[in-house]
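Novice: Structure in structure tokens, see below.
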Amino acid sequence: MLANFIAALAGLVAGMLINYLADILPVRRRIARPVCLYCGTPQRLPNYLLWPRRCPNCGRSRGARVWVVEGLAVVAAVWFWNSPEVVRQLGPVAGAVVLVYFAVVVVIDVEHRLILHPVSRFGAVMAALIGVALHGVWPALIGGVVGYGVMLGLYYLGHLFVRLVSKIQGKPLDEVALGFGDVNLSGVLGLLLGWPNVLVGLFLSILLAGFASLVLVLVRLAARRFRAFIAIPYGPFLIGGAVMLLYFPAFTQKVLSSLSPLLAR
């Protein structure tokens, strides 16, 4: 019971950190004093982190995302602490750091459609250290090169597709299939997953993105709001594939085996 309480408290602190980084990095691109996202007024830490979480200047609250992230972080921390197989594989510190990093990437990408270069640089160092410890030097490095290279090819193919569609329609498309931040993130995940797991991670991300896109199309069709070429942030699906491999290995193996014996390890 005490261990779960400590894990929940650690998860709450991690959630606060995730929210702070997701707030400040898109604005400042570095660690800095928290500010109100609406009027830019610097915030006192007790007000910002604890209560009332409302700007004293403009009166705007930090929003529902803060509570959702912290609640999910508490649940994830308790689950992680009670998953000895995952803890043994990644280690308690590395596993927690990777989860926090993944959460920061997802929140920023969903809210701003950005995967920031400072976040990618930190991720590359973190992933290289953990990847080498998990897989060895060469599998980690090859995984990073393959992850970066595959997504770089898809990035250029996406731009060619957008240009082709723009030419056919006779007007430019505002949306892009992939951003270069997705390329950097794939390199980070390649270092972390290693070779050949990076290919499996990319495959899983494609499956997740395809399923989410299908659901989105069906929902918009039902609401009679469908339009073609709606871009969605791809970073969360890349993260999703990595999470499946790192944190749910047994379940993921069953899914892969059900799809094809060739995908089974």
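The values are calculated or read from the model by the stated rules, or taken from the named source; none is laboratory data. Just so it is clear, the structure is predicted and the values come from calculations on it, not from any experiment. Because the Cβ atoms are built from the backbone with ideal geometry, glycine has one as well, and the counts that use them run over all protein chains shown.
Novice: Between Val87, Val145, which is farther than 30 Å from Met16 by Cβ and surrounded by fewer than 19 Cβ atoms within 10 Å (Cβ to Cβ)?
Specialist: Numbers: Val87 fails: farther than 30 Å from Met16 by Cβ.
Sole residue among the options that is farther than 30 Å from Met16 by Cβ and surrounded by fewer than 19 Cβ atoms within 10 Å (Cβ to Cβ): Val145.
Novice: State whether one or more residues within region 23-37 are in contact with a helix residue (DSSP H, G or I) (Cβ under 8 Å, 6 or more places away or on another chain), at pLDDT below 90 and at positive phi.
Specialist: yes
Novice: Right, another one. Taking the criterion of being within 17 Å of Val13 (Cβ to Cβ) and hydroxyl-bearing (Ser, Thr, Tyr), would at least one residue in region 37-60 satisfy it?
Specialist: yes
Novice: A further question on this structure: Somewhere in region 178-194, is a residue outside any helix (DSSP H, G or I), at pLDDT 90 or above and under 30 Å from Val125 (Cα atoms)?
Specialist: Scanning region 178-194, I find at least one residue that is outside any helix (DSSP H, G or I), at pLDDT 90 or above and under 30 Å from Val125 (Cα atoms), so the answer is yes.
Novice: Do any residues in region 114-142 that are at negative phi and assigned by TED's automatic domain parsing to the domain that holds Asp182 have Cβ atoms under 8 Å from those of residues that are of a type in the set (Asp, Glu) and assigned to a helix (DSSP H, G or I), where the two are at least six apart or on different chains, and which pairs are they?
Specialist: Ile115/Asp109; Ile115/Asp182
Novice: Among what's in region 160-177 and is among the aliphatic types (A, V, I, L, M) and assigned to a helix (DSSP H, G or I), pick the residue that is modelled with the highest pLDDT. Quick ask: steps written out before the conclusion?
Specialist: Going residue by residue through region 160-177, those that are among the aliphatic types (A, V, I, L, M) are 160, 162, 164-165, 168, 173, 176-177.
Within this subset, residues satisfying the condition of being assigned to a helix (DSSP H, G or I) are 160, 162, 164-165, 168.
Details: Leu160: 80, Val162: 68, Leu164: 75, Val165: 65, Ile168: 68.
Among those residues, the one meeting the criterion is Leu160.
Novice: Here are the criteria: (1) closer than 21 Å to Ala133 by Cβ; (2) buried (at least 18 other Cβ atoms within 10 Å of the Cβ); (3) touching a residue at least 40 places away in the same chain (Cβ under 8 Å). Tell me which single one Tyr101 does not satisfy.
Specialist: (3)
Novice: Residue check: is Cys55 crowded, with 18+ Cβ neighbours inside 10 Å, in contact with a Ser or Thr (Cβ under 9 Å, 6 or more places away or on another chain) and either hydrophobic (A, V, I, L, M, F, W, C) or free of Cβ contacts under 8 Å to residues at least 60 places away in the same chain (or both)?
Specialist: Criteria met by Cys55.
Novice: Given (1) assigned to a helix (DSSP H, G or I); (2) out of contact with any His (no Cβ under 8 Å at 6 or more places or on another chain), identify the lone condition not met by Gly143.
Specialist: For Gly143, the failing item is (2).
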